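The values are calculated or read from the model by the stated rules, or taken from the named source; none is laboratory data. No experiment lies behind these values; they were computed from the predicted model shown. Reconstructed Cβ throughout: ideal geometry from the backbone, glycine too, with neighbour counts over all protein chains shown.
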Amino acid sequence: MNSVLDFTLKDIKGQEVKLSQYKGKVLLLVNVASQCGLTPQYKELEALNKKYAKDGLVVIGIPANEFGAQEPGTNEEIAKFCTTKYDVTFPMMSKIVVKGKGIDPLYQFLTSKETNPDFAGDITWNFEKFLVGKDGKVIARFAPRVKPDDEKVIAAIEAALKK
């Protein structure tokens with residue numbers, strides 16, 4: 001596995017999603033949770049999606065329950081919450097493990113020094129963000145408290161879209 005595009009996840013309905021289908025797009029991968037103090041970031045993530053999707057940005061929400069058990073729901077409950085509370089239209093994946101025992105291969109790749117030396121390190125909390133370039137390489141990482149509409153995030157997205 002050499003890039004994010006080499007991985008497959010399952011969407012919130014359980015269907016396989018080959019990330020290779022996003023080749024040529026800029027991805028923002030975010031581990032999300034419904035019962036976190038940072039959950040309102042869904043609103044800003046959806047705003048990014050609406051603003052930049054036409055230019056090639058794909059925001060991908062990846063539910064995880066490793067931090068404070070703040071994503072206890074089933075995939076169906078998560079999907080309902082996201083659409084009714086935040087009108088989420090960007091792709092949502094099935095809940096996975098992003099840290100520790102049972103870590104999903106994608107997050108093993110994203111956090112390992114061997115495979116992602118510039119942006120490695122354990123996921124620290126919900127709403128950690130990885131920006132992935134059109135070639136599938138990680139080009140930026142933003143801490144959970146860095147909001148999706150932060151000027152650093154916007155600048156990195158806009159630069160990646162221009163490449």
Name the strands (runs of 3 or more DSSP E) wholly inside the range 47-163 in which the number of residues that are within 19 Å of residue 34 (Cα to Cα) and touching a residue at least 12 places away in the same chain (Cβ under 8 Å) is 3 or more.
57-63
Among the residues of the range 1-43, what is the count of those that are part of a helix (DSSP H, G or I) and not β-branched (Val, Ile, Thr)?
9
Just to be sure before I move on: is residue 52 modelled with pLDDT of 95 or more and surrounded by fewer than 22 Cβ atoms within 10 Å (Cβ to Cβ) in the structure I sent?
yes
Which numbered condition residue 132 misses (of (1) surrounded by fewer than 18 Cβ atoms within 10 Å (Cβ to Cβ); (2) touching a helix residue (DSSP H, G or I) at 6+ places or on another chain (Cβ under 9 Å); (3) of a type in the set (A, V, I, L, M, F, W, C))
(1)
Name the single residue that is surrounded by the fewest Cβ atoms within 10 Å (Cβ to Cβ) among those in the range 137-163 being out of contact with any strand residue (DSSP E or B) (no Cβ under 6 Å at 6 or more places or on another chain) and over 18 Å from residue 52 (Cα atoms).
143
Residues in the range 98-106: is at least one over 18 Å from residue 6 (Cα atoms) and touching a helix residue (DSSP H, G or I) at 6+ places or on another chain (Cβ under 9 Å)?
yes
Identify, from the list 63, 40, 91, the residue that is under 24 Å from residue 124 (Cβ atoms) and loosely packed, with under 14 Cβ neighbours inside 10 Å.
40
Among residues of the range 24-36, those that are of a type in the set (Gly, Ala, Ser) and within 20 Å of residue 75 (Cα to Cα), counted:
2
Could you identify the single residue in 54, 23, 10 that is over 20 Å from residue 142 (Cα atoms) and touching a Leu at 6+ places or on another chain (Cβ under 7 Å)?
23
Of the candidates 154, 139, 78, 62, the one satisfying the condition of being in contact with a helix residue (DSSP H, G or I) (Cβ under 9 Å, 6 or more places away or on another chain), farther than 22 Å from residue 3 by Cα, β-branched (Val, Ile, Thr) and modelled with pLDDT of 95 or more is 154
Residue match in the range 79-89 (condition: of a type in the set (Lys, Arg), out of contact with any Ser or Thr (no Cβ under 6 Å at 6 or more places or on another chain) and more than 23 Å from residue 115 (Cβ to Cβ)):
yes
